[in-house]
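Read the structure below first, then the notes.
Read-outs: derived from the displayed coordinates by stated rules, not from any lab. Everything quoted here is computed from the prediction, not taken from an experiment. No Cβ is skipped: glycine too gets one built from the backbone with ideal geometry, and neighbour counts run over all protein chains shown.
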Amino acid sequence: MSRVFFISSNVTIDPYPVYPLGMAVVSGAVKAAGHTVAQYDCLVDGDEIDKLRQRIEGFAPDLVSISLRNIDNVDSFCGEDAWYLARVKTLVATIREICPVPIVVGGPALTIMPEEIATYLEVDHAIIGEGEVALPQLVADLSSGREVPRMIERCAPLDGNHFSSPLFDPDLAPFYLEQSGMLNLQTKRGCPYRCSYCSYPHLEGNRFRRRDPQLVIGELKRLKQEHGVERVFFTDSVFNDPQGKYLDLCEEIIRQDVGIEWSAYFRPQGFGREELQLMKRAGLYALELGPDAGCDRTLAGLDKKLTFAEVIAVNEACLAERLAAAHFVIFGGPEEDDETLAEGLDNMDRLGASAVFAFSGIRIHPDSPLHQRAIDDGIITSETSLLKPVYYFSPRIDRGKMETTIESHFKGKKNRIFPPSEGKERLDVMKKFGFRGLMWDRLIRFPKERV
């Protein structure tokens, strides 16, 4: 059997530290295949050469596997300052100096641009897509001396009930519980929506692959028993699938009295107070909503298949149930002009006590519909490298004027965040006062209930 040393390369803590679930899932699969694994987290352990050397030499791996979650932070205000690959390239070079074993990289960031990233990082192997089958197979092939290609193509998508159970390291979990008050799980993978800018269908497939509620609940119970977890975040691309299967999970959580609070990403469409009441009984305490644009014309520009009237209806249901909701909205996308900006900001006002996080411009990823739109609009050419961040801004609006208008409109409103750095500053202040968790939910002040 082989020894595999896993490294999570992520070091970002915005808006809060998130346990490296991908590393946990794949290391669980490799361990289940009979191999010995160790997890190293650059956010928790640091990536100083001496400490990394001590851990690697002490473990004596046959293979080093690097998990790559993000290419950059998708914030146009940061640009290349928040480009993470240069740091990872240095990490790869450091590992080469420490031990002469093969290095493989995988994860969602790698899958977006596999050839370009693998070449830039100078790794031996790169796994495209899910790693639960591919990495144990790579370990077996290397140990038997078989020749293995550098680029390991996608395996067939796993059925939801065959996802590997995450292996949460008892040395790492306490850091995340202390810093953010929660760990994270998936109830499904994939996304059937075709939003023009989004990479989820490319990463996880264009249909939902759900896990049996019993598997999810078993993991929730283990988190509670083994790590004392009180809150989790479900990292599904969209928690509320249109078939309503998410409600089956909630009913089972209630029936088994799991006793864990949770939050998740939601599409603001197709549910109201009745569904929210059920989810509250199951432990829901906050929703992160993704309208992603401010009015019907810009929603259509992103191919959201969503109207702002639906966003308003979901938001009003959240407020009526006194559930904290945060809306994430991008200005400057396709079809944005002065008129849609004014309408979008009026719509932000209609969201009332809920939080709004606004962003400027959209990170362009290859092979997305937005990529072609950017070419058609003359923002990039088909030859433009997207390895470093490039953003789409509508040619119909002046970026500087737009950002000044948003900032002025949000000024003095504690639950309206723009630019993104403003949110980081507010959350940092809250951390100093001992708050943890989502923290944006504390920006919300519900109106007093009538007696």
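Quick notes
- For the chain, cysteines whose Cβ has no other cysteine Cβ within reach (under 4.7 Å): Cys42, Cys78, Cys99, Cys155, Cys191, Cys250, Cys295, Cys318
- The alpha carbon centroids of the stretch 35-56 and the stretch 234-294 are separated by 36 Å.
- Scoring 407-417, 152-162, 234-244 by mean Cβ neighbours within 10 Å over their residues and listing the highest first yields 234-244, 407-417, 152-162.
- Test item: Cα-centred dipole of the chain, Lys/Arg +1 and Asp/Glu -1 on Cβ, debye: 1100
- Per-pair calculated FRET efficiency, R0 = 41 Å: Ile380 and Arg55 via Cβ, rounded to 0.05: 0.50
- Cα centroid separation - the stretch 313-334 against the stretch 124-155, whole Å: 42
- In this rough spin-label picture, where each label sits 7 Å from Cα along the Cβ direction, the Lys388-His227 distance is 3.6 nm.
- Dipole of the chain [Lys/Arg +1, Asp/Glu -1 at C-beta], most positive-end residue of Gln186, Ser27, Thr405: Gln186
- To the nearest ten degrees, helix 245-255 and the longest principal axis of the Cα atoms of the chain are 80 degrees apart.
- Pairwise FRET efficiency - Asn206 versus Asp337, Cβ, R0 = 35 Å, nearest 0.05: 0.70
- In straight-distance terms, cross-link reach from Lys224 covers every one of the lysines whose alpha-carbon lies under 17 Å from its own, apart from those fewer than eight places away in the same chain; here that gives an empty set.
- Whole-percent P(r), the chain, all Cα pairs, 20 Å bins from 0: 24, 58, 18, 0.
- Annotation for Ile254 and Val11: the two label points, set 7 Å from Cα along the Cα-Cβ direction, are 4.6 nm apart.
- Principal-axis analysis of the Cα atoms of the chain puts helix 21-32 at an angle of about 30° to the longest axis.
- Computed from Cα atoms, the angle from the helix 49-59 axis to the main principal axis of the chain rounds to 60 degrees.
- Magnitude of the charge dipole for the stretch 181-443, about its Cα centre and with charges confined to Cβ atoms of Lys, Arg (+1) and Asp, Glu (-1), is about 920 debye.
- Calculated on alpha-carbon atoms, Rg and Dmax of the stretch 181-443 in Å: 19.0, 56
- When you count the other C-beta atoms within 10 angstrom of each residue and take the mean per peptide, 38-45, 349-356 line up highest first as 38-45, 349-356.
- Cα gyration tensor, the stretch 35-171 - rounded (a/c under 1.5), prolate or oblate: rounded
- Here the stretch 266-345 is treated with +1 on each Lys and Arg Cβ and -1 on each Asp and Glu Cβ, and its dipole about the Cα centre works out to around 620 debye.
- Cross-link pairs exceeding 30 Å in C-alpha to C-alpha distance, out of Lys89/Lys424; Lys31/Lys188; Lys31/Lys388; Lys89/Lys401; Lys401/Lys431; Lys51/Lys432, comprise Lys31/Lys388; Lys89/Lys401; Lys401/Lys431.
- Computing FRET efficiency as 1/(1 + (r/R0)^6) for Ala300 and Glu97, where r is the C-beta to C-beta distance and R0 is 60 Å, gives about 0.70.
- Virtual paramagnetic centre 7 Å along Cα→Cβ of Arg396, amide N under 12 Å, in the stretch 288-322: 295-302
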